[in-house]
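Colleague: Below you will find the structure I want to go over with you.
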Amino acid sequence: MKSLRFIVSRMLQSVPVLFGVSIVTFLLMIATPGDPIRLLVGVRASEETIALIRDRYGLDDPILSQYFTYLGNLLQGDLGASLRFKVPVSDLVGQFYPVTLFLVVYSIILILPPVVVLSVWSAKRPNGLADQVIRVLGVMGLAIPVFWMALLLARFFGVTLGWFPVSGFGDTFIEHLHHLFLPALSTAIWVIPILTRNLRSALLDEMNRDYVLAGMSKGLGEAQVFRTHVFPNSVLPTLNLFAVIVAYLLGGSVIVETVYAVPGMGKLMVDSILARDYFVVQGATLVFALTTIVVMLAVDLISGLIDPRINT
Amino acid sequence: MKMSPMFLWGAGLVALWGVIALAAPMLATHDPYAIDFEALLQAPSAQHFFGTDNVGRDTFSRVIYGARLALYIGILGVIAPMLIGMAIGLTAGYFGGWVDSIAMRVVDVAVPFPFFVLVLSIVAVLGPGIENYFIALALVGWVGYARLARAEAIVLRSSEFVMAARTMGFSHPYILFRHVLPNALSPVVVYMMTDVTLVILFGAALGFLGMGVAPPAAEWGVMISEGQIYISTAWWISFFPGLAMVLIGVGFALMGDGLAKMLRIER
């Protein structure tokens, strides 16, 4: 009962954020120079057509009611239409979004094993070799431009060694894995140091707790205390960072998808900016923000259910 | 205060880049914009240290001149977000109440947007160019500073010396400026070092995507993008500007880390 109340109240907290996000994307549209409808229908469209569409999107109303029209359309899944493809933006999202989602999940799968290994290794020997390696990686990771790294990886593993394709997405699941390996790796390299640092300091904090000493004095092995008590307790703080990481990965996907010509939301967004296809840009921005909100919510719910101290 | 070696290394690296940027005309071996059809796509040599690009421009000279743009973007780009973020964060944290509530709701809304995506869509609306990048940063980048400054101000608000200043009858603005601000500064400065790296990185990413500094400028992101189609034959066009970015970014990141250690700031 208590956890149900926690879930509901946490979900309600997202509502104002959702409103805020829709206001931001609405403002992006308002600030767009020129008449988007004229761009949408072309120069030869009749005045009636334009009037019809202006009415549809409520563009002649006061700003506040324009916003509510926009919000109403959003709630019905109407994100406007693409000038370039002449289809609803929601169709494009349905087509491009799964690719980006695939890329993000793939990156996360590549990120987790090295993060766990490196952080456990360095936490067990503070200031040892692993610690130094991670410190160097952390500083480098922050400074390496993702698009440059992506280019170098494509050149070396794609062109020189010929192990991986350097563009596209493929048709089957195995081909997806093959095509997206380098893009996923390019973003992963950036995120691994950040997560490792975090998990490492959480592990160090937990290892100095009294229960570790108590466990060992009861005769448990160090390895067992670590596995069954220290590690699970250290995962929570890192889990909280996860939403931030997903936001990073989504931002990175914009660049990486462009370098590798992966047909995902990021590439769609960049191409649409260059083609002045504003409804798509706005729709993509909104979808990216919604994804982060959902992940944030999921992380909060999961940590609340794992750790009863949080859900009060 | 004991100097951290990390800070010294970082500061040295950044100072080196500063010298390179200032002395660019002396260090460059060629005119960074001079087109030379006699020397297209040449590999690195004694004549052209980093080779030449597809219109025969000298990559070494272009990388040297690129340091000017990178430092200009990185340092100028963090000033407005820092000032706005400090103002909002300190006011919100110090006064609390509805001021704080409003500021924090705005922050909540900014958080779900991937930073680069939001910068990109603002630049898309305003049009490409470095000035619009600065505007986008001012609109979005203050959030991180505001959160830090607010957290500091909340602690300082109930500290003894602020209480003492209140009892002595000093006004709120005076206390904010003379007592809260200086004491809240160190985590903000540490964050700023990392932020410079990111601002340089995102600026170059915009240049790479064709939405930042316009070609033919000797800007590292633009150069990497120009070398992209030649990557399998003339790797040096893209490689060296990227390496320069790593070295400048490492400089600021080391300064930030070292400073955090010296000031004992948890990160």
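The values are calculated or read from the model by the stated rules, or taken from the named source; none is laboratory data. All values reported here derive from a predicted model rather than from experimental measurement. All Cβ positions, even for glycine, are placed from backbone atoms using ideal geometry, and neighbour counts span all protein chains on display. We work out accessible area using only protein heavy atoms, side chains counted, and drop any ligands, DNA or RNA first. Shrake-Rupley method; radii C 1.70, N 1.55, O 1.52, S 1.80 Å.
Colleague: Looking at B:Met82 and the list (1) more than 14 Å from chain A (Cβ to nearest Cβ); (2) without any contact (Cβ under 8 Å) to a residue 60 or more places away in the chain; (3) closer than 28 Å to B:Gly210 by Cα; (4) among the aliphatic types (A, V, I, L, M), which single condition is not satisfied?
Modeller: (2)
Colleague: Additional query: Looking only at region B:105-126, which residues are more than 7 Å from chain A (Cβ to nearest Cβ) and not in a helix (DSSP H, G or I)?
Modeller: Result: B:Val111, single match.
Colleague: Considering region B:1-49 alone, what residues qualify as being small (Gly, Ala, Ser) and closer than 30 Å to B:Met255 by Cα? Talk me through it step by step, then tell me what you get.
Modeller: If we filter region B:1-49 for residues that are small (Gly, Ala, Ser), which is where we start, we get B:4, B:10-12, B:15, B:18, B:21, B:23-24, B:28, B:34, B:39, B:43, B:45-46.
Of everything in region B:1-49, those that are small (Gly, Ala, Ser) and closer than 30 Å to B:Met255 by Cα turn out to be B:Ser4, B:Gly10, B:Ala11, B:Gly12, B:Ala15, B:Gly18, B:Ala21, B:Ala23, B:Ala24, B:Ala28.
Colleague: Within region A:253-285, track down each residue that is of a type in the set (Lys, Arg) and within 25 Å of A:Gly170 (Cα to Cα).
Modeller: Step one: of region A:253-285, the residues of a type in the set (Lys, Arg) are A:267, A:276.
The answer is A:Lys267, and nothing else.
Colleague: Could you list, ordered by first residue, the pairs with Cβ atoms under 6 Å in which the first is in region B:223-239 and without any contact (Cβ under 8 Å) to a residue 60 or more places away in the chain and the second is of a type outside the set (Lys, Arg) and open to solvent by 60 Å² or more (accessible area, probe 1.4 Å), at least 6 apart or interchain?
Modeller: Pairs that qualify, where the first residue is without any contact (Cβ under 8 Å) to a residue 60 or more places away in the chain and the partner is of a type outside the set (Lys, Arg) and open to solvent by 60 Å² or more (accessible area, probe 1.4 Å), are B:Ser232/A:Val159.
Colleague: If A:Gly58 passes every condition in (1) over 18 Å from A:Tyr278 (Cα atoms); (2) small (Gly, Ala, Ser); (3) at pLDDT below 85 but one, which one does it miss?
Modeller: Result: A:Gly58 passes all but (1).
Colleague: On to the next question. If A:Val262 satisfies all but one of (1) in contact with a helix residue (DSSP H, G or I) (Cβ under 7 Å, 6 or more places away or on another chain); (2) within 12 Å of another protein chain (Cβ to nearest Cβ); (3) closer than 30 Å to B:Gly210 by Cα, what's the number of the condition it fails?
Modeller: With (1) in contact with a helix residue (DSSP H, G or I) (Cβ under 7 Å, 6 or more places away or on another chain); (2) within 12 Å of another protein chain (Cβ to nearest Cβ); (3) closer than 30 Å to B:Gly210 by Cα applied to A:Val262, the lone miss is (2).
For (1) open to solvent by less than 20 Å² (accessible area, probe 1.4 Å); (2) touching a residue at least 40 places away in the same chain (Cβ under 8 Å); (3) away from chain B (no Cβ under 13 Å); (4) among the hydroxyl-bearing types (Ser, Thr, Tyr), each residue gets a yes or a no:
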residue: A:Pro232; (1), (2), (3), (4): no, no, yes, no
residue: A:Glu257; (1), (2), (3), (4): yes, yes, no, no
residue: A:Asp277; (1), (2), (3), (4): yes, yes, no, no
residue: A:Ala289; (1), (2), (3), (4): yes, yes, no, no
residue: A:Leu301; (1), (2), (3), (4): no, yes, yes, no
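Colleague: Given the criterion within 14 Å of another protein chain (Cβ to nearest Cβ), more than 17 Å from the chain's Cα centre (by Cα) and open to solvent by 30 Å² or more (accessible area, probe 1.4 Å), identify the matching residue among B:Gly169, B:Gly210. Break it down stepwise before answering.
Modeller: Details: B:Gly169 fails: within 14 Å of another protein chain (Cβ to nearest Cβ).
Just one listed residue meets the conditions, B:Gly210.
Colleague: Check whether at least one residue in region A:97-120 is open to solvent by less than 30 Å² (accessible area, probe 1.4 Å) and over 30 Å from A:Phe231 (Cβ atoms), and report yes or no.
Modeller: Yes - at least one qualifying residue is present in region A:97-120.
Colleague: Got at least one residue in region A:188-207 being open to solvent by 20 Å² or more (accessible area, probe 1.4 Å) and over 21 Å from A:Pro114 (Cα atoms)?
Modeller: Among the residues of region A:188-207, not one is open to solvent by 20 Å² or more (accessible area, probe 1.4 Å) and over 21 Å from A:Pro114 (Cα atoms), which makes the answer no.
Colleague: Can you pull out the residues in region B:50-95 that are modelled with pLDDT under 90 and either among the aromatic types (Phe, Trp, Tyr) or in a loop (DSSP other than H, G, I, E, B) (or both)?
Modeller: The initial filter retains those residues of region B:50-95 that are modelled with pLDDT under 90, namely B:51-56.
Passing the criteria: B:Gly51, B:Asp53, B:Asn54, B:Val55, B:Gly56.
Colleague: Please go through region A:122-160 and give me each residue that is open to solvent by 40 Å² or more (accessible area, probe 1.4 Å), farther than 13 Å from B:Val246 by Cβ, modelled with pLDDT under 85 and more than 9 Å from chain B (Cβ to nearest Cβ), ordered by number.
Modeller: Of everything in region A:122-160, those that are open to solvent by 40 Å² or more (accessible area, probe 1.4 Å), farther than 13 Å from B:Val246 by Cβ, modelled with pLDDT under 85 and more than 9 Å from chain B (Cβ to nearest Cβ) turn out to be A:Lys124, A:Arg125, A:Pro126, A:Asn127, A:Leu129, A:Gln132, A:Val133.
Listed here are the residues, each with its yes/no results for (1) more than 10 Å from chain A (Cβ to nearest Cβ); (2) outside any helix (DSSP H, G or I); (3) closer than 15 Å to A:Leu151 by Cβ.
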| position | (1), (2), (3) |
| --- | --- |
| B:Val196 | yes, no, no |
| B:Phe202 | no, no, no |
| B:Val222 | yes, no, yes |
| B:Ser225 | no, no, yes |
| B:Ile237 | yes, no, yes |
| B:Pro241 | no, no, yes |
